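Asker: I'd like to ask some things about the structure below.
The values are calculated or read from the model by the stated rules, or taken from the named source; none is laboratory data. Keep in mind that this is a model prediction, so the values were computed, not measured. All Cβ positions, glycine included, derive from the backbone under ideal geometry; neighbour counts span all protein chains shown. Just so you know, the surface numbers come from the protein's heavy atoms only, side chains and all, with ligands and any DNA or RNA stripped out. Shrake-Rupley method; radii C 1.70, N 1.55, O 1.52, S 1.80 Å.
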Amino acid sequence: MLLRKICTRLRPQTSAVCRCRWASTNPSNLVFDRQTKRHQRDWAAAQPDFDLAQYVKDEIGYRVADKVFDLTKFNDVVIDLGCGAGHIGPHLIKENVGILLQCDMSEGLVRRSKGAPDSECPTSRVIADEAVPPYRDGCADLVVSSLAAHWINDLPGWFATCLRLLTPDGALIGAVLAGDTLYQLRVALQLAEAERLGGFGIHISPFVQAQDIGSLMHRAGFDMITLDSDEIEIGYPNMFALLYDLQLMGESNASIRRSANLRRDVLIAADAIYKAMYSPGPDFDKYPATFQIVSFIGWRPGPLMPKAAKRGSQNVSLKDLSKVIEAPEQYTKKD
């Protein structure tokens, strides 16, 4: 019964486990090399220290899963696009999820992906490009994605695809790395190369701007869009530790116009510049790295979709928010 339900959600030409399918994007519009990104993810998944470097993805995956708990409806089928090593699945429970379908283009990551506990909800895994997921239109009650969409070349098209996958009243919940991510590393490398070589190349992939996410979702057809932005700052003992962890995360540069290599003297100079500009002080051996996270929620329009309250319908002022938190029963309507 479970296998039958899963197969009905897949496109006719695919099976429950399939090989990678690649987006047919106009080469002149490409920003990222998806084949290179797949190789990077496969390499990372094969490393013995892989699990030690997943702290950012595990944290954001937990935050995405936490937003699923806020949904009042039961989600019979949930699709995790760009599941990676399974950062959302372990936090989902049977009270609001029926079946979890995980999809990622990296076979290495899919093979080691963690799903929801068997006692909670069954998990199916598909090896396919998350930019062109192999599922039928209108097959999912909920689509989730955590720190994968920033590698999609056609981001407007990807949001439109997510909308087509959803049933009416279905929701898209996700998070993506945005604008100011790793700005310290970007500046240090650029200044070091400019000093040593008289110019600089592209070593940090470009990120979408936070203010563009909402407009892209609205253009795709989503309604009741909610966005929030947050920053996570992590301290590293040196710049090389940061670069190694980025490799283990599968987050190395994969832009089409990336520079082929970095000279050793440039790396040493960049490490010194990084510490001089961003370390808290001469007595601190800390290299802070910032990850800007944009979280988003959008709904496919439908009759049961949540609706915004009417203007002026509130009965509590924001200045009384502390009182509401301390004594919520005083502000709850009683029948």
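Asker: Where the second residue is part of a helix (DSSP H, G or I) and aromatic (Phe, Trp, Tyr) and the first is closer than 14 Å to Ile234 by Cα and lies in the stretch 46-61, which pairs have Cβ atoms under 9 Å and are six or more apart or on separate chains?
Answerer: As it stands, the answer is Ala53/Tyr244, since those pairs meet every condition given.
Asker: Let me ask something else. Among the residues of the stretch 95-112, which ones are of a type outside the set (Val, Ile, Thr) and out of contact with any Ser or Thr (no Cβ under 8 Å at 6 or more places or on another chain)?
Answerer: Initial filter on the stretch 95-112 (of a type outside the set (Val, Ile, Thr)): 95-96, 98, 100-109, 111-112.
Glu95, Asn96, Gly98, Cys103, Met105, Ser106, Glu107, Gly108, Leu109, Arg111, Arg112 - these are the residues of the stretch 95-112 that are of a type outside the set (Val, Ile, Thr) and out of contact with any Ser or Thr (no Cβ under 8 Å at 6 or more places or on another chain).
Asker: Another question, if that's okay. Return yes when Glu233 is surrounded by fewer than 16 Cβ atoms within 10 Å (Cβ to Cβ), touching a strand residue (DSSP E or B) at 6+ places or on another chain (Cβ under 7 Å) and in contact (Cβ under 8 Å) with a residue 12 or more places away in the chain and no when it is not. Let's see the steps before the verdict.
Answerer: On the way: surrounded by fewer than 16 Cβ atoms within 10 Å (Cβ to Cβ): yes; touching a strand residue (DSSP E or B) at 6+ places or on another chain (Cβ under 7 Å): yes; in contact (Cβ under 8 Å) with a residue 12 or more places away in the chain: yes.
Against the criterion (surrounded by fewer than 16 Cβ atoms within 10 Å (Cβ to Cβ), touching a strand residue (DSSP E or B) at 6+ places or on another chain (Cβ under 7 Å) and in contact (Cβ under 8 Å) with a residue 12 or more places away in the chain), Glu233 qualifies.
Asker: Output the number of residues of the stretch 248-267 satisfying the condition of being touching a residue at least 60 places away in the same chain (Cβ under 8 Å), assigned to a helix (DSSP H, G or I) and open to solvent by 80 Å² or more (accessible area, probe 1.4 Å).
Answerer: Adding up the residues that qualify gives 0.
Asker: Next question. Is there any pair linking a residue in the stretch 113-134 that is without any contact (Cβ under 8 Å) to a residue 40 or more places away in the chain to one that is assigned to a loop (DSSP other than H, G, I, E, B) and among the aliphatic types (A, V, I, L, M), with Cβ under 6 Å and at least six apart or on different chains, and which?
Answerer: Partner pairs satisfying both residue conditions: Ser113/Ala85; Ala116/Leu92; Glu120/Ile93; Thr123/Ala116.
Asker: Any chance you could count how many residues in the stretch 4-59 are modelled with pLDDT of 55 or more, surrounded by 15 or more Cβ atoms within 10 Å (Cβ to Cβ) and small (Gly, Ala, Ser)?
Answerer: 3
Asker: Let me ask something additional. Go through the stretch 62-83 and report how many residues are open to solvent by less than 10 Å² (accessible area, probe 1.4 Å) and either hydrophobic (A, V, I, L, M, F, W, C) or closer than 17 Å to Asp129 by Cα (or both).
Answerer: Start the filter on the stretch 62-83 by keeping residues that are open to solvent by less than 10 Å² (accessible area, probe 1.4 Å), which leaves 64-65, 68, 75, 77-83.
Then keep just the ones that are either hydrophobic (A, V, I, L, M, F, W, C) or closer than 17 Å to Asp129 by Cα (or both); that gives 64-65, 68, 77-83.
Residues that pass the stated criteria total 10.
Asker: Name the residue, out of Leu147, Leu185, Leu177, Leu142, that is in contact (Cβ under 8 Å) with a residue 60 or more places away in the chain and touching a Lys or Arg at 6+ places or on another chain (Cβ under 6 Å). Explain how you work it out, then say what you get.
Answerer: Numbers: Leu185 fails: touching a Lys or Arg at 6+ places or on another chain (Cβ under 6 Å); Leu177 fails: touching a Lys or Arg at 6+ places or on another chain (Cβ under 6 Å); Leu142 fails: touching a Lys or Arg at 6+ places or on another chain (Cβ under 6 Å).
Matching residue, one of Leu147, Leu185, Leu177, Leu142: Leu147.
Asker: Shifting gears a bit: Within the stretch 98-118, work out how many residues are assigned to a loop (DSSP other than H, G, I, E, B), within 17 Å of the chain's Cα centre (by Cα) and farther than 22 Å from Lys73 by Cα. First the steps, then the outcome.
Answerer: Let us first name the residues in the stretch 98-118 that are assigned to a loop (DSSP other than H, G, I, E, B), namely 105-106, 112-118.
Within this subset, residues satisfying the condition of being within 17 Å of the chain's Cα centre (by Cα) are 105-106, 113-115.
Among the residues that remain, those that are also farther than 22 Å from Lys73 by Cα are: 105-106, 113-114.
Selection size over the stretch 98-118: 4.
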